[in-house]
Amino acid sequence: MLDVDGSLSNAPGENSCQLARLICSTVLAGELSLLSALATDELVQSHLRLNRSFIQTKYILYGKSILKEKMFE
């Protein structure tokens, strides 16, 4: 699929370098996504919204909005 298996006879180590570049770019994309979620407070809000003990946090997040309380019922 990625064509980076084994080694090349004319350029040893080239496939491992290509695989390392792929892994690094994937990790960098994940880190950028995490930083953007932190910058917009999306990460904190989603952690609070998806918290297992949402009974304690539903009024903190949504106040007393009837429409939004129905999401938790």
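Some values worked out for this structure:
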{"item": "3J(HN,Hα) from dihedral phi, the stretch 33-41, Karplus parametrisation 6.51/-1.76/1.60, rounded to Hz, x for glycine, proline", "result": "5, 5, 5, 5, 5, 5, 5, 9, 6"}
{"item": "Gained length - VAL44 relative to ILE23, 0.36 nm times residue gap less alpha-carbon distance", "result": "4.9 nm"}
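Bear in mind that the values in this text are calculations on the coordinates, not laboratory data. Note that this is a predicted model, so its numbers are computed, not measured.
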